[in-house]
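The values are calculated or read from the model by the stated rules, or taken from the named source; none is laboratory data. As the structure is a computational prediction, the values presented were derived from the model and not from experiment. Neighbour counts run over all protein chains shown; Cβ positions are idealised from the backbone, glycine included. We work out accessible area using only protein heavy atoms, side chains counted, and drop any ligands, DNA or RNA first. Shrake-Rupley method; radii C 1.70, N 1.55, O 1.52, S 1.80 Å.
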Amino acid sequence: MIQALLISIVLAQGYAPPRQGQDPLDAEREARVQRIGKLLRCAVCQGVSIADSPASMARAQLDKVRELVVEGKSDDEIFDYFVARYGEWALMEPRKSGVTLGLWVGPLLLLAIGIFLVWMNTSKNAAPAQPAVVASPETEKPAEDEYLAKVRADLEKQ
Amino acid sequence: MTPAPPPRRKTLSTRGNASVSPPPNAPRVNVVGIVVALLVIGGLVFIMARAFGTDPHSVPFMLKGKPAPAFTVKRLDQPGEVSLAQFKGRPVVLNFWATWCGPCKYEQPILDLASQTYKDVAFVGIVFEDTEANTRRYLAETGTPYIHLYDPKSTIAVDFGVSGVPETYFINREGIIVKKVIAPFNSPEEFDKEIAEILQ
Amino acid sequence: MNSILGYGLVLTGLLCAAFAAVVGIVTGLARKESALPWVQRGIYGFAASMILSNLVMIESLLTHDFSVKYVAQVGSRTTPLIFTIVSLWSALEGSILFWGAIMGTYLFAFAFTYRKEHGRYMQLSLGVMAAVATFFAFLIAGPANPWTAIPNPLSDGPGPNPLLQNHPLMIIHPPMLYLGYVGMTIPFGIAAGALLRGELGDAWLVPLRKWTLVPWLFLSVGIILGSWWAYAVLGWGGYWAWDPVENASFMPWLTATAFMHSTMVLEKKKSLKLWTIALALASFVLTIIGTFMTRSGVFNSVHSFTQSDIGPTFLVFIGVLLVFSALLLASRGHMLVAESRLGSIASREGSILLNNVVFTVLTFVVLLGTLYPLITEGLFDKKVTVGEPYFNQMALPLGLAMLFLMGVGPMLPWGSADPKVTQQQAIIPGAVGVVTGLLSWLFGYTSFLAIMTFGVAGFVVVVTLRELFLPARQRMNENKESFMNALVVSATRANRRFGGYIVHLGIVAIVVAVAASSSGKVHATGTLKPGGEMQVGQYKVRFNRLEEGDDFSNRVRTIKVGQLQTGMRLTSAWKGLAAGTVLTRENLMTAFQGASASEDVSIEEPYRHYIAATLTVIDPSGAETPFTARNSPRMNFYARSTDPIGSPTVDERIIRDVYVSLLAYDQRTGTASFNMWVFPLVGWIWYAIPILVLGTLIALFPQRKKTATTSPAPAPADGVPS
């Protein structure tokens, strides 16, 4: 019988009980809470924000945001509260300064280089207009539909 | 008008179109390219290799060297409230735990023993993310030599930057957080080593 | 027994793969084509042993052979049958073993398909693929060996990860992703083989493209199913979190998509060869980096497997692959010379080039964002988070640019465009786009990015439909064919084009669904008493009550009376208790009276306990949809996890989903806290799967080599060669 009891105990206990959070604020302030919550990382989860995480601790952190909002703190002051505890790790959106600047600049740089390369490698002297259909005397199977090309040519005659 | 392409063979071998082929004595191997590529690859592999052995789930702790956040909550064992301020002048060991947390129960005897050894130090347990009923039942069963507090909305945990349980905070006589230990203590010696810093 | 057999098969596979790799590469470089049959035999041997080893593992899982380490790790007698099979890939070792089977299947399919063709490339290509296979076989035989024998096995195990047991999508999502990942080995092998041989003719291009398209499709489906799973299971109301594991699957998808487009320029203009090849190599290397991210335990992710010692092995492999690819490209690059000049930027090739730039930048964003926390920690000892807001800010404008190019590209001819013609062509689609944007604004969308997305999407759809149907219309006019006939003929004549545009439509559906669901969602949260209602958007959700119970595995076992435990459920009547009775302390005590301990009873066991908050969704019209405890939002409790696993309710409709997840409950007061959302159009992300599949299949359909002789309409337009 000891065994028989064990199984029900295993199922009934040993779990973190989910705890209910505070009720939301009025619509306008709650929207701000949710927006800020999206930008703060849950301390006990795996890379989700405190607004997204179903974990109880995330709800406690979101309640803290509510509390700070009610106290009339600015967004930056609220972020600073969490950064003071967890460092920049707490920010879902890395700062556009310091070590994380590269994240923002790198892709833009690459984009610029890419567009530059495309610009360099395509011909600049705009060739006189010519229908695409004549341009490729392909003998291999057509990648372009010949009827479509014809439509284009027709269009041009108009 | 695109110049008519040269007659094409089925295989494109090394022959290029005269108008765009590279200068005849172009290097056959792009040395600069290789060097740059190897540098990038080296950097990439180096960064990933450095990450071995670090725990990706560990959460930074920035309150080290900062004053411990104040709190006042009601006691579990008797009526009345406890606030951190009342321990001013004594070192404080603050342990976050829960009844559903195996490692917390495992280190409990070590903390119990330490609370008897270090009479000058205030030991405070704070129950994290648990029900009051569970906590009371557990404490009634096991008994405890020091105070345990219930943190119903996890406000203390948020203030202290808790990232899971068990976590033990060591606070010195001036009320400054000297360190936080996140793993459970395996032996009284391990605990002794950690507490030494707040005893002076 | 099983472990010896299974491990023996792995070793056989390792030997076969290593043999094929060495013979293939050595004789390939020496240009001795006579050795090809030996390479093929090695590949077949690898495939057969890997598949057999997997079958033995499934057999061990099904028979609960707990003397096999992997079975002891993930098996459990109470797990339902289907999840027992699924547990083959539910943990690290098994997933790598399964990987081996897929790799075997792919290599076999490739080697067999081209057993008589492409002789000059085959040895080297197969050799490179076999080298990759050797690495994976080595992983299975060494660092990730699932077959270790356990001398004193226990009688039961913990069962697979609860998250994998929570939803049927988990049955199909991982195999799809693996089919996508592993499949990229084939284009890598083809490209590397061609580079090694130093002959980069057209002959490699068709297989290269086709064998990229196949894994591309699996990857697409796998990614979408993964997002569906996250949406339906994780309960946070999202489907994509830019988690390292999601990113890992997204990067090769991006490069493979870019490859699919640049290959058109290669074909048409004999240009962009080096770049196209680089994309094929990169797609594979990124799948390996992705696998490393998932399995090394170095990245912080919801999905990652536990820390393991395969990380360093993988990293060495990544290093070797990257150096190999870079050296290949650098030493053979001079052979990849363009044969004709590209046209102006306002041309088909111009738009494809820009498309490639955007895809490359997005790949870089994803890679950089995923690696950045490692970079700051490794170099500056500082932990940072690169989360959803970063990726969204970078990716959304790039995505919009892609969408725009998807409309502009098909409108532009190769070479250079006549501005007048282009303008004329753009009038109708452009007008439709403006109207769509305005309409979305009237429907209440306020986000600039969303309105732009809808507008551009309208433009793209019109352009795409015109490209799809105009050829058919032209045929109808000229040949007096019926619409269906004309459509079928025009589609089969240019099936790649036709299929490609259908895929485009699928992508547009996804993009619109993403934009609508993220900018048009309505959120509500709060705590309800039983009978209480909460408004979310135009819907109301009524909370009925908390219900508690057990889910049973539906696996009937016959045990002795002495082994009965409370919580089990009878599957046949016994001692006055009806079938279906759950044993409690009381009824068990009564039934025990006068029972003999050796009597047989058939029962099933619970595999999880649940607490469900049953609800009713009330439409704006007042229509009520009640949900049972089975599909109401609930918390599932598994013996193996200390945290309950929540599962949400998704009331799925064609135009919008009502999504409710249970945050917390209080059994004392009977109250429950919820997160609720209304997501417009979100389902179209997954409804797009069939469109993508259809389009890809059309594109993959073998081309008829002699159109003229087989076409039912033997009247080609003047001067157009057929």
Worksheet item: In segment C:42-53, what residues are buried (at least 24 other Cβ atoms within 10 Å of the Cβ) and in contact with a Leu (Cβ under 8 Å, 6 or more places away or on another chain)?
Response: C:I43, C:F46, C:A47, C:S49, C:M50, C:S53
Discussion item. Quick check on this structure: which one of A:V83, A:V70, A:V105, A:V65 is exposed (fewer than 15 other Cβ atoms within 10 Å of the Cβ), more than 9 Å from chain C (Cβ to nearest Cβ), closer than 30 Å to B:F128 by Cα and aliphatic (A, V, I, L, M)?
Written reply: A:V70
Response to the item:
Given the conditions (1) under 15 Å from B:F71 (Cα atoms); (2) surrounded by fewer than 16 Cβ atoms within 10 Å (Cβ to Cβ); (3) over 23 Å from the mean Cα position of the chain (by Cα), every one holds for B:A133 apart from (1)
Worksheet item: Taking into account only those residues within segment B:60-97 that are touching a helix residue (DSSP H, G or I) at 6+ places or on another chain (Cβ under 6 Å) and within 14 Å of chain C (Cβ to nearest Cβ), which is surrounded by the most Cβ atoms within 10 Å (Cβ to Cβ)?
Response: B:W97
Worksheet entry | Members of segment C:131-159 that are of a type in the set (V, I, T) and under 22 Å from C:D65 (Cβ atoms) | C:I140, C:T148, C:I150
Practice prompt. Considering only residues that are under 17 Å from C:T614 (Cα atoms) and among the small types (G, A, S), look in segment C:509-537 and name the one that is most open to solvent (accessible area, probe 1.4 Å).
Written response: C:G531
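Among C:Y665, C:Y610, which is open to solvent by less than 60 Å² (accessible area, probe 1.4 Å), among the aromatic types (F, W, Y) and under 33 Å from the mean Cα position of the chain (by Cα)?
Numbers: C:Y665 fails: under 33 Å from the mean Cα position of the chain (by Cα).
Of C:Y665, C:Y610, the one residue that is open to solvent by less than 60 Å² (accessible area, probe 1.4 Å), among the aromatic types (F, W, Y) and under 33 Å from the mean Cα position of the chain (by Cα) is C:Y610.
Within segment C:645-660, can you find the residues that are within 22 Å of C:Y607 (Cα to Cα) and either out of contact with any His (no Cβ under 9 Å at 6 or more places or on another chain) or open to solvent by less than 10 Å² (accessible area, probe 1.4 Å) (or both)? Explain how you work it out, then say what you get.
First, pick out the residues of segment C:645-660 that are within 22 Å of C:Y607 (Cα to Cα): C:645-649.
Residues satisfying the conditions are C:I645, C:G646, C:P648, C:T649.
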Discussion item. Here is a list: C:L615, C:L662. Which entry is in contact with a Phe, Trp or Tyr (Cβ under 8 Å, 6 or more places away or on another chain) and within 9 Å of chain A (Cβ to nearest Cβ)?
Written reply: C:L662
Worksheet item: Of all residues in segment C:618-644 being within 14 Å of chain A (Cβ to nearest Cβ) and outside any loop (DSSP other than H, G, I, E, B), which is surrounded by the fewest Cβ atoms within 10 Å (Cβ to Cβ)?
Response: C:N636
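Can you tell me how many residues within segment C:1-22 are over 17 Å from C:F135 (Cβ atoms) and either part of a helix (DSSP H, G or I) or open to solvent by less than 20 Å² (accessible area, probe 1.4 Å) (or both)? Full working, then the answer.
From segment C:1-22, those over 17 Å from C:F135 (Cβ atoms) are C:1-9; that's our starting set.
Filter once more, so that each one left must be either part of a helix (DSSP H, G or I) or open to solvent by less than 20 Å² (accessible area, probe 1.4 Å) (or both): C:2-9.
The total comes to 8.
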Fill in: Which numbered condition C:V365 fails, given (1) at pLDDT below 90; (2) buried (at least 17 other Cβ atoms within 10 Å of the Cβ)
(1)
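Matching residues to (1) within 18 Å of C:M293 (Cβ to Cβ); (2) of a type in the set (V, I, T); (3) over 15 Å from the mean Cα position of the chain (by Cα); (4) open to solvent by 10 Å² or more (accessible area, probe 1.4 Å):
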{"position": "C:F136", "(1), (2), (3), (4)": "yes, no, yes, no"}
{"position": "C:N145", "(1), (2), (3), (4)": "no, no, yes, yes"}
{"position": "C:G157", "(1), (2), (3), (4)": "no, no, yes, yes"}
{"position": "C:P162", "(1), (2), (3), (4)": "no, no, yes, no"}
{"position": "C:H167", "(1), (2), (3), (4)": "no, no, yes, yes"}
{"position": "C:I171", "(1), (2), (3), (4)": "no, yes, no, yes"}
{"position": "C:L177", "(1), (2), (3), (4)": "yes, no, no, yes"}
{"position": "C:V182", "(1), (2), (3), (4)": "yes, yes, no, no"}
{"position": "C:G189", "(1), (2), (3), (4)": "no, no, yes, no"}
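Is it fair to say B:K193 is away from chain A (no Cβ under 14 Å) and in contact with a strand residue (DSSP E or B) (Cβ under 9 Å, 6 or more places away or on another chain)?
On the way: away from chain A (no Cβ under 14 Å): yes; in contact with a strand residue (DSSP E or B) (Cβ under 9 Å, 6 or more places away or on another chain): no.
No; evaluated as a whole, the condition is false for this residue.
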Item to complete: Answer yes if at least one residue in segment B:111-121 is touching a Leu at 6+ places or on another chain (Cβ under 8 Å) and closer than 15 Å to B:E167 by Cα, and no otherwise.
Response: no
Worksheet item: Hey, does segment C:481-495 have a residue that's within 30 Å of C:S227 (Cα to Cα) and not aliphatic (A, V, I, L, M)?
Response: yes
Worksheet item: If a residue has to be more than 19 Å from C:K560 (Cβ to Cβ), of a type in the set (D, E, K, R) and in contact (Cβ under 8 Å) with a residue 60 or more places away in the chain to count, how many in segment C:581-623 make the cut?
Response: 2
Worksheet item: From the residues in segment C:541-585 that are touching an Asp or Glu at 6+ places or on another chain (Cβ under 7 Å) and in a loop (DSSP other than H, G, I, E, B), which one is most open to solvent (accessible area, probe 1.4 Å)?
Response: C:N554
Fill in: Selection status of C:P151, part of a loop (DSSP other than H, G, I, E, B), open to solvent by less than 30 Å² (accessible area, probe 1.4 Å) and farther than 25 Å from C:I25 by Cβ
no
Worksheet item: Only one of (1) out of contact with any helix residue (DSSP H, G or I) (no Cβ under 6 Å at 6 or more places or on another chain); (2) open to solvent by less than 50 Å² (accessible area, probe 1.4 Å); (3) modelled with pLDDT under 95 fails for C:V384. Which number is that?
Response: (1)
Discussion item. Looking for something in a helix (DSSP H, G or I), open to solvent by 10 Å² or more (accessible area, probe 1.4 Å), within 14 Å of another protein chain (Cβ to nearest Cβ) and aromatic (F, W, Y) - is there at least one such residue anywhere in segment C:464-471?
Written reply: yes
Practice prompt. May I ask you to list the residues in segment B:137-167 that are surrounded by 20 or more Cβ atoms within 10 Å (Cβ to Cβ) and in contact with a Lys or Arg (Cβ under 7 Å, 6 or more places away or on another chain)?
Written response: B:L149, B:V158, B:G161, B:E167
